[in-house]
Amino acid sequence: MSAPALSPAVPGRVAGPAAAGGGVTQARVVRAEWTKLWSLRSTRWSLLAAVVAQAALGIIVAAAQMSRWGSLSPHDRATFDSIDVGVGGYHLSQLAIGVLGVLVISGEYSTGMIRSSLMAAPRRLPVLWAKLGVYAAVTFVLMLVSALVSFFGVQAIVSGHHLQHGLGDPHALRAVVGTALFLTVLGALALGLGALLRNTAGGIAAFVGLMFVLPGVVALLPGSIGDSISPYLPINAAFTVATSTFDGPHHLATWTGFAVFCGYAAIVVLAAAVQLVRRDA
Amino acid sequence: MIEIEHVTKRYGEKLAVDDLSFVVRPGIVTGFLGPNGAGKSTTMRMILGLDAPTRGSVRVNGRRYRDLAAPLHEIGALLEARAIHTGRSAANHLLAMAQTHGIPRSRVDEVIDLVGLRDVARKRAGAFSLGMGQRLGIASALLGDPRTVILDEPVNGLDPEGILWIRTLLKGLAAEGRTVFLSSHLMSEMALTAEHLVIIGRGRLIADTTVEEVVRQASLDAAVRVRTPDAAALRDALAGDGVIVESSAAGVLEVRGAPSERIGEIAAREGLVLHELTPQRASLEDAYLRLTGDAVEYHTGDGGRAAGDLELVA
Ligand SMILES: Nc1ncnc2c1ncn2[C@@H]1O[C@H](COP(=O)(O)OP(=O)(O)OP(=O)(O)O)[C@@H](O)[C@H]1O
Ligand SMILES: [Mg+2]
């Protein structure tokens, strides 16, 4: 029997690594997830989009405001906050980070890759923890750097009008780091939704619904009820940590709000973990 | 060694596997046969810890799959459905799989060469043809150099060259003393590669036997066609002794229960002229269909035959 051109007739028993390499460990699964994350073109583009959005949006807004500073109303001038503008790119980057968070795991379900992942790490939870860990770390580092770039860029632009802040000013450093933290937890929440729903469209719909549609629905409720629920909505709770200051009582305190947001993410991730272990792949 | 003990799997109302027990022994190729929907893929997914049995236990080398410390070194699998991210290159897919076990990069290159994907290893797996996808799946399965390999319908949809390639590869794996467990609908495919057979239908065990035994059964049913001007005399001479003679046309006999050698000897002894003495071929597929006859879930209207029957000389 002659073998087809492409292939050796018989796979020689290669002096393989057989048990020599040892078994599956959490650290090894993390390394595998790192490789997986960066080896998809869609991931690289999404992360690039998030970085550009986070770094550039604030700078563009600041430049536009400064160019027509003279024609702004006194109220607009009084409420201009170079810290908020400096980190404000998250209004755009959050979408990229959220969608990619869903995709990191839903993409494995849609392609069948999850079966390979779980065959390699049959205890399953290490796969979820590794995905969360890698994605959270990458998001935090990239978003922190992007937020810093944006922050300093904005300060340089507004310094002509003496509106600049230093990182040492009240709330500044907290807002910059808080932006990265907020986006990191948001990414984890989205990943959890993707794992829970095992479906890209469903995961993205749930993410957008929870973060951006729910506030609109709550706004339809009678004022008093809406007002008491509103601060606890994921997005409103989350923003507290990424914003320099809040006026009025319509928001939770900075770290309380962030803790509530982390709570939502933890609930979703926990539900995803339970399901990952219990349900057939 | 794979041990399936009283395994039942239910998907809602659907009973996919029903109290199934069998053992896949080390060092030989075991074929896993059954009609569509018999529960082959389900059983394989349970072996690999992807689906949990509703009842019963599945063990690989004495342990549940999920308790294996280094599963890729113990058992490699090619699933029915693709299990590869379409956006990732073959090389990166294998690298990520390897990293979970601390398998060195050099082994990734080795298996890529082994399956002949060197030229396309950097391309997206989504752009692969069916055959290339199967090769990549097999590279995944062999990555950890496992003693046991399980493959779910590896030749499905492949062209003749691909089928030949897989067949050669499986024989090579078996020759190296690995345990091979592979599923198929085609008895003929199994007869070429497997030594042992596990046949299921509607989730139940139908036969746990050797290929040799099935072949023997099939050949017992085979007839010898005889054309002779002395039909009546030959019929009398052959009569008795469990020999059955039928005649489909004048001067033509179908003889069952006696090999062609004996028929020829008897004719010579009696001085009868023979114009033709042809052992008819018994189809393995027929033997298999008889075994699974009642268990076929989705009958075609006319009980259509699988193409490509392996005919064998009785
Ligand atoms: N995830 C699932 N959910 C519901 N039913 C399922 C599921 N997987 C399999 N089944 C059902 O279980 C039965 C066995 O299916 P399975 O895929 O194991 O059969 P098979 O022997 O591999 O068939 P084929 O030869 O067509 O591949 C079928 O009736 C199938 O519809
Ligand atoms: Mg199947």
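Sequence-distant or interchain residues sharing an amide H contact under 5 Å with B:Leu151, placed H: which?
The answer is B:Leu78, B:Phe181, B:Leu182, B:Ser183.
Averaging sequence separations of C-alpha pairs under 8 Å and six or more residues apart, then dividing by the length of segment A:157-264, give the relative contact order as a whole percent. Present the calculation step by step, with values, prior to reporting the outcome.
Values: 97 pairs, mean separation 28.6, N = 108.
With pairs under 8 Å counted, the relative contact order is 26 percent.
Averaged across A:35-47, how many Cβ atoms of other chains sit within 10 Å of each residue's Cβ atom? Each step should come with its number before you reach the end.
Numbers: counts 9, 8, 1, 1, 9, 7, 4, 1, 2, 0, 0, 0, 0.
Mean shielding count: 3.
Mind checking Rg over Rh on chain A, alpha carbons, Kirkwood formula for Rh? Provide the component values of the computation, followed by the final result.
On the way: Rg = 22.9 Å, Rh = 20.9 Å.
The Rg/Rh ratio comes out at 1.09.
Applying the Karplus parametrisation 6.51 cos²θ - 1.76 cosθ + 1.60 with θ = phi - 60° to the phi angles of segment B:132-147, what ³J(HN,Hα) value in whole Hz is obtained for each residue in order, glycine and proline being reported as x?
Working through the residues one at a time gives 5, x, 5, 4, 5, x, 6, 4, 4, 5, 8, 3, x, 6, x, 6 Hz.
How much net charge surrounds A:Ala271 when only the other residues with a Cβ under 12 Å from the Cβ of A:Ala271 are counted, with Lys and Arg +1 and Asp and Glu -1?
Summing Lys/Arg as +1 and Asp/Glu as -1 gives +2.
Among B:Ile163, B:Ile244, B:Ile75, whose mean-square fluctuation peaks in a Gaussian network model of chain B (Cα, cutoff 10 Å)?
Maximum among the listed residues: B:Ile244.
Using a Cα-Cα cut-off of under 12 Å, which aspartates and glutamates could be cross-linked to B:Lys9, ignoring same-chain neighbours fewer than 8 residues away?
The reachable aspartates and glutamates, counting only those whose Cα sits under 12 Å from B:Lys9, are A:Asp280, B:Asp18, B:Asp19, B:Asp51.
Over segment A:32-83, how many percent of alpha carbon pairs lie in each 10 Å bin up to the one with the longest distance?
21, 32, 19, 16, 11, 2
Which of A:Ser146, A:Ala237, A:Thr111 sits closest to the plus end of the dipole of segment A:24-278, meaning its Cα is farthest towards the positive end, when Lys and Arg get +1 and Asp and Glu get -1 on the C-beta?
Checking the options against the dipole of segment A:24-278, the answer is A:Thr111.
May I ask for the net charge around A:Trp34, where only other residues with Cβ less than 11 Å from the Cβ of A:Trp34 are counted and Lys, Arg are +1 while Asp, Glu are -1?
Values: positive: A:Arg28, A:Arg31, A:Lys36, A:Lys131; negative: A:Glu33.
For residues surrounding A:Trp34, the net value is +3.
Between beta-carbons, use under 10 Å as the cut-off and find the net charge around B:Leu15, counting Lys and Arg +1, Asp and Glu -1. Show your work: numbers first, answer last.
Working: positive: B:Lys9, B:Arg10, B:Lys14, B:Arg202, B:Arg204; negative: B:Glu13, B:Asp18, B:Asp19.
Value of the local net charge: +2.
Can you run phi through the Karplus equation (6.51, -1.76, 1.60; θ = phi - 60°) for segment B:41-58 and list ³J(HN,Hα) in whole Hz, with x for Gly and Pro?
5, 4, 4, 5, 5, 6, 4, 8, x, 7, 10, 8, x, 5, 9, x, 10, 10
Under the rule of -39500 (n - 2.57) per DSSP H run of 4 or more residues, summed and divided by the residues of the protein assembly as shown, what mean residue ellipticity at 222 nm is obtained, to the nearest 500 deg cm²/dmol?
Working: 24 runs with 302 residues, N = 595.
Taken over the protein assembly as shown, the calculation gives -16000 deg cm²/dmol.
To the nearest 20 debye, what charge dipole does the protein assembly as shown have about its Cα centre, counting +1 at the Cβ of each Lys and Arg and -1 at the Cβ of each Asp and Glu? Don't jump to the answer; show the numbers that get you there.
Values: 52 positive and 50 negative charges, 396 e Å.
Here the size comes out at about 1900 debye.
Starting from the Kirkwood Rh over alpha-carbon pairs, what translational D in µm² s⁻¹ does segment A:196-250 have by Stokes-Einstein at 25 °C and 0.890 mPa s? Mind dumping the intermediate values first?
Values: Rh = 12.6 Å.
After rounding, the answer is 195 µm²/s.
Within a 10 angstrom radius of the beta carbon, how do B:Asp51, A:Asp280 rank from fewest other beta carbons to most?
Working: B:Asp51 21, A:Asp280 12.
Arranged by neighbour count, lowest to highest, B:Asp51, A:Asp280 become A:Asp280, B:Asp51.
Which one, B:Pro71, B:Pro259, B:Pro146, has the greatest fluctuation when you compute a Gaussian network model over chain B with C-alpha springs under 10 angstrom?
B:Pro259
Taking H placed 1.01 Å from N in the peptide plane, check which residues at least 5 places from B:Ala16 or on another chain put their amide H under 5 Å from its amide H.
Excluding prolines and chain starts, which carry no amide H, the hits are B:Lys9, B:Arg10, B:Tyr11.
Lysines near B:Lys123 by alpha-carbon distance under 19 Å, same-chain residues fewer than 8 away left out - which ones?
A:Lys36
For chain B, set up a GNM with springs between Cα atoms under 10 Å and report which of B:Lys14, B:Lys123, B:Lys171 has the largest fluctuation.
B:Lys14
Taking the Cα atoms of chain B, report the difference between the largest and smallest coordinate on each principal axis, in whole Å and largest first.
Result, largest extent first: 77, 45, 37 Å.
When only alpha-carbon atoms count, how far does segment B:129-279 stretch along each of its three principal axes, as whole angstroms with the largest first?
Result for segment B:129-279: principal-axis Cα extents of 67, 31, 30 Å.
Let me check against my output: what whole-number percent is the relative contact order of chain A, with C-alpha pairs under 8 Å and at least 6 apart? Walk me through the numbers on the way to the answer.
Details: 368 pairs, mean separation 61.5, N = 281.
Relative contact order, chain A: 22 percent.
Under the Karplus relation 6.51 cos²θ - 1.76 cosθ + 1.60, θ = phi - 60°, what is the ordered set of whole-Hz ³J(HN,Hα) values for segment A:57-62, x standing for Gly and Pro?
Using θ = phi - 60°, the values come out as 4, x, 5, 5, 4, 4 Hz.
What dipole magnitude, in Debye to the nearest 20, does segment A:24-278 give about its Cα centre under +1 on Lys/Arg Cβ and -1 on Asp/Glu Cβ? Present the calculation step by step, with values, prior to reporting the outcome.
Numbers: 14 positive and 8 negative charges, 248 e Å.
The calculation lands at about 1200 debye.
Expressed as a rounded percentage, what relative contact order does segment B:223-279 have, with Cα pairs under 8 Å and six or more residues apart? Could you put the intermediate results ahead of the total?
Values: 93 pairs, mean separation 29.1, N = 57.
Relative contact order for segment B:223-279 comes out at 51 percent.
In the calculated pair distance distribution of segment A:95-139, what percentage of Cα-Cα distances lie above 11 Å?
Values: 670 of 990 pairs.
Everything past 11 Å amounts to 68 percent.
Looking at chain B, send over the antiparallel percent of its DSSP beta bridges, to the nearest 5. Before the final figure, lay out the partial values.
Numbers: 38 of 56 bridges.
Approximately 70 percent, going by the DSSP bridge assignments.
Quick one: give the max-minus-min coordinate of the C-alpha atoms of the protein assembly as shown along each principal axis, largest first, in Å.
Between the extreme Cα coordinates on each principal axis of the protein assembly as shown lie 126, 53, 44 Å.
Rule-based calculations on the coordinates, nothing more; no lab input. Here the structure is a predicted model, which means the values were calculated and not measured. Virtual Cβ from ideal backbone geometry, glycine too; neighbours counted across all protein chains shown.
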